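Peer 1: Submitted below is the structure of interest, expressed as structure tokens.
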Amino acid sequence: MFGFYEFYVHPFGIGIPLLAVAIASMGAFRASLTANQIAVFVTASAVVLGAWFAVALPFSRSGVFNVPAEIGDPPYVLMFLFGGATLIWGLAWLTPLGRRITEATPLSAIAAFQIPRIMGGLFLIGWIVGDIPALFALPAGLGDILAGIAGWQASRALAKGEPNARSLLARAIFIGIADFFFAVLFGIITSPGFAHLYALDAPNIINAYPLAMFPAFFVPIFLGFHFIAISRLRQESATESKAHA
């Protein structure tokens with residue numbers, strides 16, 4: 001199955017960043033940026049995501065993303081996960097150019113970015129063939145599929161301007177972040193390391209290459225888009241409150 005996992009992961013390593021850049025490029029065009037500004041944005045985005053992938057890939061091969069053996073050891077995989085998500089949000093929301101692009105990007109497109117989360121269904125396949133313990137595979141795999149469906153429902157409602165669209169987006173964000181929380185928790189307790197409590201006979205391989213690219217690369221990008229969606233919702237709520245004041 002190793003070859004299958006590798007074949008599955010690598011195309012997404014290209015496709016997910018391309019989708020992120022495409023969605024942001026939509027905002028760049030809507031923000032009426034100059035050709036030079038758009039070129040700078042696309043180049044910077046490609047460099048950041050490309051460099052991130054280029055660093056994460058050999059790290060995953062060398063076992064850097066394994067759960068720490070001792071509780072005091074550096075949790076590199078969590079550093080990549082939360083640090084990457086924060087970096088994406090910060091570049092999109094705290095920089096002048098990023099903020100301008102993000103505010104011009106349709107909220108429906110930002111929500112739609114979560115649709116590829118169904119790729120996490122791979123964990124269910126891993127469970128069926130005996131490579132991934134059920135305690136991790138079922139909540140993580142089903143959670144990713146539900147997050148992808150919720151993202152699609154929110155995106156469709158936002159595009160149509162339905163009255164419950166923002167509620168659906170809030171629900172999609174909750175499902176998506178809850179899925180990540182439980183995936184991280186169950187990943188830690190089913191993998192070799194300081195908190196390996198379950199699946200002792202057949203440990204989890206989520207932190208081994210190539211599946212380690214999920215927590216080290218894919219999850220941070222999806223989580224970063226959740227943070228962006230939260231910021232957009234808060235901004236719109238604040239604008240509405242001022243308008244009604």
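Peer 1: So which of SER108, SER32, SER45, SER60 ends up being under 19 Å from GLU6 (Cβ atoms) and hydroxyl-bearing (Ser, Thr, Tyr)?
Peer 2: One residue alone meets the criteria, SER60.
Peer 1: So how many residues does segment 58-86 have that are out of contact with any helix residue (DSSP H, G or I) (no Cβ under 7 Å at 6 or more places or on another chain) and among the aliphatic types (A, V, I, L, M)?
Peer 2: Within segment 58-86, residues that are out of contact with any helix residue (DSSP H, G or I) (no Cβ under 7 Å at 6 or more places or on another chain) and among the aliphatic types (A, V, I, L, M) number 4.
Peer 1: Of the residues PHE65, PHE59, only one is outside any helix (DSSP H, G or I), over 30 Å from ALA238 (Cα atoms) and among the aromatic types (Phe, Trp, Tyr); which?
Peer 2: PHE65
Peer 1: From the list VAL42, VAL48, VAL21, VAL64, exactly one residue is under 25 Å from VAL184 (Cβ atoms), at pLDDT below 95, surrounded by 14 or more Cβ atoms within 10 Å (Cβ to Cβ) and not aromatic (Phe, Trp, Tyr). Which is it?
Peer 2: VAL48
Peer 1: If you don't mind, there's one more thing I want to ask. Among (1) surrounded by 21 or more Cβ atoms within 10 Å (Cβ to Cβ); (2) outside any helix (DSSP H, G or I), where does ILE71 come up short?
Peer 2: Tallying (1) surrounded by 21 or more Cβ atoms within 10 Å (Cβ to Cβ); (2) outside any helix (DSSP H, G or I), ILE71 fails exactly one: (1).
Peer 1: When you go through (1) surrounded by 19 or more Cβ atoms within 10 Å (Cβ to Cβ); (2) modelled with pLDDT of 95 or more one by one for PRO58, which number turns out not to apply?
Peer 2: (1)
Peer 1: Of (1) within 25 Å of ARG234 (Cα to Cα); (2) touching a residue at least 24 places away in the same chain (Cβ under 8 Å); (3) of a type in the set (Lys, Arg), ARG99 satisfies all except one. Which?
Peer 2: (2)
Peer 1: Please enumerate the residues belonging to segment 120-138 that are buried (at least 19 other Cβ atoms within 10 Å of the Cβ), touching a Gly at 6+ places or on another chain (Cβ under 8 Å) and of a type outside the set (Gly, Ala, Ser).
Peer 2: Result: LEU122, PHE123, ILE132, PHE136.
Peer 1: Hey, any hits in segment 194-208 for a residue that's at negative phi, in contact with a Lys or Arg (Cβ under 6 Å, 6 or more places away or on another chain), part of a loop (DSSP other than H, G, I, E, B) and not charged (D, E, K, R)?
Peer 2: No, that holds for no residue.
Peer 1: How do the pairs read when you match residues in segment 10-21 that are closer than 9 Å to LEU49 by Cβ with residues anywhere that are modelled with pLDDT of 95 or more and small (Gly, Ala, Ser), using Cβ under 9 Å and keeping only pairs 6 or more apart or on different chains?
Peer 2: As it stands, the answer is ALA20/GLY224, since those pairs meet every condition given.
Peer 1: Among the residues of segment 105-119, are any aromatic (Phe, Trp, Tyr), farther than 17 Å from VAL21 by Cβ, touching a helix residue (DSSP H, G or I) at 6+ places or on another chain (Cβ under 6 Å) and in contact (Cβ under 8 Å) with a residue 24 or more places away in the chain?
Peer 2: For segment 105-119, residues aromatic (Phe, Trp, Tyr), farther than 17 Å from VAL21 by Cβ, touching a helix residue (DSSP H, G or I) at 6+ places or on another chain (Cβ under 6 Å) and in contact (Cβ under 8 Å) with a residue 24 or more places away in the chain: absent.
Peer 1: Looking at segment 156-186 only, could you name the residues that are of a type in the set (D, E, K, R) and either over 17 Å from PRO106 (Cβ atoms) or at pLDDT below 95 (or both)?
Peer 2: Residues satisfying the conditions are ARG171, ASP179.
Peer 1: When segment 147-197 is examined, which residues are found to be over 18 Å from PHE227 (Cα atoms) and hydroxyl-bearing (Ser, Thr, Tyr)?
Peer 2: Across segment 147-197, the qualifying residues are THR190, SER191.
Peer 1: Right, another one. Can you confirm whether PRO11 is assigned to a helix (DSSP H, G or I), modelled with pLDDT of 95 or more, surrounded by fewer than 14 Cβ atoms within 10 Å (Cβ to Cβ) and out of contact with any Gly (no Cβ under 6 Å at 6 or more places or on another chain)?
Peer 2: No, not satisfied.
Peer 1: Would you mention how many residues in segment 66-101 are hydrophobic (A, V, I, L, M, F, W, C) and over 17 Å from the mean Cα position of the chain (by Cα)?
Peer 2: 6
Peer 1: If LEU185 meets every condition in (1) farther than 15 Å from GLN114 by Cβ; (2) in contact (Cβ under 8 Å) with a residue 40 or more places away in the chain; (3) under 18 Å from the mean Cα position of the chain (by Cα) apart from one, which number is that one?
Peer 2: Evaluating LEU185 over (1) farther than 15 Å from GLN114 by Cβ; (2) in contact (Cβ under 8 Å) with a residue 40 or more places away in the chain; (3) under 18 Å from the mean Cα position of the chain (by Cα) leaves (2) as the failure.
The values are calculated or read from the model by the stated rules, or taken from the named source; none is laboratory data. Here the structure is a predicted model, which means the values were calculated and not measured. Cβ coordinates were reconstructed from backbone atoms using ideal geometry, including for glycine residues, and neighbour counts include every protein chain displayed.
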